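Q: Pasting in a structure now, in structure tokens, and then I'll have a few things to ask.
Every number here is computed from the coordinates shown, using simple stated rules; none is lab data. These numbers come from a predicted model, not from an experiment. All Cβ positions, even for glycine, are placed from backbone atoms using ideal geometry, and neighbour counts span all protein chains on display.
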Amino acid sequence: MPSHNTTIEISKEYLHFAAAHFTLFSASERENLHGHNFHVTLDANAPVQDDGLTFDYNILKKTLKAMCDELDEQVLMPTESPYLNIEEADGYTWVTFANERIPFLGRDLTLLPVRNVTVEELAQYLLDRLLAQPNIAALDINHLMLRCSSGEGQWASATWQAA
């Protein structure tokens, strides 16, 4: 029988990605394209088993690292925004915002199923991706809180609670 719960904090230097984006404010206003060095941390609350361990949290570290690596050195674009139209033509992915038609090479662009590329949306996106992994779903975890930062002192979090 588990003796108590504990929270494991995963906060590694390598859990980061450098990516470009622009925040959409309305149908006619957006930021200029710019980049951030995003950082990710995760708190996992789980029961401590009789052997003094919760679970092998290297599984969490490796999965988070792989997710960060997928976003590294990419332009991130939201596919769920009502303000953007995204289409592929002539070897490019064209993003249309208001009267602007912006071309991107496919290799430089990652389309994300979010409404806006913000730390709020990225935290939930990353948490959802983490929870979709069968090896993560199999762990005896009570609660997860994933945090995403776009710079020092600017974090957003997304949480999940076991049923």
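Q: Taking the alpha carbon gyration tensor of the range 1-150, what are the square roots of 5 times its eigenvalues, largest first, to the nearest whole Å?
A: They are 36, 14, 13 Å, listed largest first.
Q: Taking the range 1-101, which trypsin sites (Lys or Arg not before Pro) meet the DSSP loop condition and have no more than 15 other C-beta atoms within 10 Å?
A: Within the range 1-101, the qualifying trypsin sites (Lys or Arg not before Pro) (loop, at most 15 other Cβ atoms within 10 Å) are K12.
Q: Just to confirm the filter: which GluC sites (Glu not before Pro) across the range 56-163 are DSSP coil and have at most 16 other Cβ within 10 angstrom of their Cβ?
A: E73, E80, E152
Q: Now for a separate question. Rounded to whole Å, give me the distance from the Cα center of the range 128-163 to that of the range 71-111.
A: Comparing the Cα centres of the range 128-163 and the range 71-111, I get a distance of 27 Å.
Q: For Cα pairs less than 8 Å apart in space and 6+ apart in sequence, what is the mean separation divided by the residue count of the range 15-80, i.e. the relative contact order in percent?
A: 48 percent
Q: Nearest 10 degrees is fine. How inclined is helix 119-131 to the longest principal axis of the chain, computing both from alpha carbons?
A: 50 degrees
Q: Using the Cα centre of the range 1-71 as origin and beta-carbon charges of +1 (Lys, Arg) and -1 (Asp, Glu), tell me which of A66, S11, A46 is placed farthest towards the positive end of the dipole.
A: Among A66, S11, A46, the one farthest towards the positive end of the dipole of the range 1-71 is A66.
Q: From the C-alpha gyration tensor of the range 112-158, pull out the three semi-axes of the equivalent ellipsoid (sqrt of 5λ each), sorted largest to smallest, in whole Å.
A: The equivalent ellipsoid of the range 112-158 has semi-axes of 22, 13, 7 Å.
Q: Do you know the relative contact order of the chain, to the nearest whole percent, from alpha carbon pairs under 8 angstrom that are 6+ apart?
A: After rounding, I find 26 percent.
Q: Also, I was wondering about something else. Using Cα springs under 10 Å in a Gaussian network model of the chain, which residue among L122, L130, L139 shows the largest mean-square fluctuation?
A: Result: L139 has the largest fluctuation of those listed.
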